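The values are calculated or read from the model by the stated rules, or taken from the named source; none is laboratory data. Everything numeric in this text was worked out from a predicted model, so none of it was measured. Here the Cβ positions follow ideal geometry from the backbone for every residue, glycine too, while neighbour counts run over all protein chains shown.
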Amino acid sequence: MIFADLHIHIGQSLDGKYVKITGAKTLTLPNILEVARDVKGLSLVGIVDSHSMGVQQDFKTLLASGDLRPLSTGGYAAHGVTVIPGHEIELQVGEGYAHFLAYFPYIEQVGKYVGSIKNSIKNWQLSTQRGFLPFELWLEAVNRAEGIWFPAHVFTPHKGIYGNCCRRLREVLPILPNAIEIGLSADLSMAESISELESVVMFSNSDAHSLPNIAREYNSFAHTDPSFGGLLDLIQSKTKTGVRNYGLPPRVGKYHRTYCLNCENVVKSNPPMLACPDCGSRHVVMGVLDRLVSIADRPMGKHNVSTYVHQVPLRQLPGIGPKMYERLLKAFGTEMDILHFIDEEELRPIAGEKVAAWIIKARYGELKVEAGGGGLFGRVVDILSLPVE
Ligand SMILES: [Zn+2]
Ligand SMILES: [Zn+2]
């Protein structure tokens, strides 16, 4: 079994230039590889700012130093973690704008892809820029460069395709994608309320803008080779069985319910709430749940822990402050080792009884969640702090 996070940004390229302005300076390609492998315990990562001129150069630098080694099936081995170069782009579909992810076997194909759509983006150093070209032309550029693609964080009101552009992908895209990224504030059972997603592969990724947020959401694959070719097989559903998503409980997400910009309150009435029930204003940030209920064509699926585990990152569990976190890593290796493999009996002498019990609860998706009130974020019962980004 391997763990994968396919949506990680770059804060800066090694030449000191900004890539993601809102990203952390420490979020560089070598730092991501080190943290993903040695701290998080991931086997496969996707870097979605590989289009950037500076980042393309960083790949070449690491290849020259031997820290990256091209795999015959695509992607690069970095001493135990595989990295796949990719790009996140914003495109107009229907009436709105949405983010899409593309991945390529090697940096040469990234260069080819960038070359063919270069005139459609203003600043090729920066992250997730708007592409001024029709979706079909973008798709052609991805295909010509042997890439694969899927829409990003599809349900979020901020540039998610269902959240922002359409009720059905078929209405706005020339073909149905083989995969989607679910995104924060939603989960698999929610996504299953849209029947056109029946056979689409679902991913959960971190969309990390900082090193600690890597693997905030992630996937485990049971039959997938950690390489570009492995990802291609998975997306073409050849190794789809054995995919499991690990994601924040949707109710803690900051876009889960509709938010009234006038009252500055999260609405609490039954979904879908498309306007504020208190003041009647339609000046709202639509909640992911409200949007989903309003566009669903069948009931929500039953939550199934064998395909989707509600989990919060290790550092967000009660009793795990910076010191305890370091102690756990020192004793057991990586976050994935601790979250998935170490027995409770082994955890107890290092973590204490309570923390060991919380880790086991997180492992099996048994954390209790309360929908929040009055703020942007929901709340996990007994969870002290939540990721705020
Ligand atoms: Zn995005
Ligand atoms: Zn992103």
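Quick notes
- Considering 34, 90, the condition of being surrounded by fewer than 20 Cβ atoms within 10 Å (Cβ to Cβ) and within 16 Å of ligand 2 (Cβ to nearest atom) is satisfied by 90 alone.
- Any hit, region 48-64, residues being away from ligand 1 (no atom under 16 Å from the Cβ) and under 30 Å from residue 167 (Cα atoms): no
- Test: residue in region 149-160 that is free of Cβ contacts under 8 Å to residues at least 60 places away in the same chain and among the aromatic types (Phe, Trp, Tyr): yes
- Residue check: residue 65 meets all listed conditions (1) among the hydroxyl-bearing types (Ser, Thr, Tyr); (2) touching a residue at least 40 places away in the same chain (Cβ under 8 Å); (3) farther than 30 Å from residue 341 by Cβ but one, namely (2).
- Residue 87 vs. criteria outside any strand (DSSP E or B) and within 16 Å of ligand 1 (Cβ to nearest atom): no
- Residues of region 255-305 satisfying the condition of being closer than 16 Å to residue 182 by Cα and in a helix (DSSP H, G or I): 288, 289, 290, 291, 292, 293, 295
- For region 99-115, taking the residues that are within 18 Å of the chain's Cα centre (by Cα) and within 14 Å of residue 133 (Cβ to Cβ), the one that is nearest to ligand 1 (Cβ to nearest atom) is identified as 100.
- Restricting attention to region 238-261 and to residues that are over 22 Å from the mean Cα position of the chain (by Cα) and surrounded by 15 or more Cβ atoms within 10 Å (Cβ to Cβ), the residue that is farthest from residue 306 (Cα to Cα) turns out to be 260.
- Just one of the listed residues (114, 110, 154, 81) is of a type in the set (A, V, I, L, M), crowded, with 22+ Cβ neighbours inside 10 Å and farther than 30 Å from residue 252 by Cβ, namely 110.
- Residue match in region 187-200 (condition: part of a loop (DSSP other than H, G, I, E, B) and within 16 Å of ligand 1 (Cβ to nearest atom)): no
- Condition check for residue 353: closer than 21 Å to residue 366 by Cα and exposed (fewer than 14 other Cβ atoms within 10 Å of the Cβ): yes
- Residue within region 115-130 that is under 22 Å from residue 215 (Cβ atoms), touching a helix residue (DSSP H, G or I) at 6+ places or on another chain (Cβ under 7 Å), part of a loop (DSSP other than H, G, I, E, B) and modelled with pLDDT under 95 present: no
- Qualifying residue in region 93-106 (condition: part of a helix (DSSP H, G or I) and either more than 24 Å from residue 28 (Cβ to Cβ) or modelled with pLDDT of 95 or more (or both)): no
- Boolean, residue 22 is within 22 Å of residue 100 (Cα to Cα), of a type in the set (Ser, Thr, Tyr) and either in contact (Cβ under 8 Å) with a residue 40 or more places away in the chain or touching a Lys or Arg at 6+ places or on another chain (Cβ under 9 Å) (or both): yes
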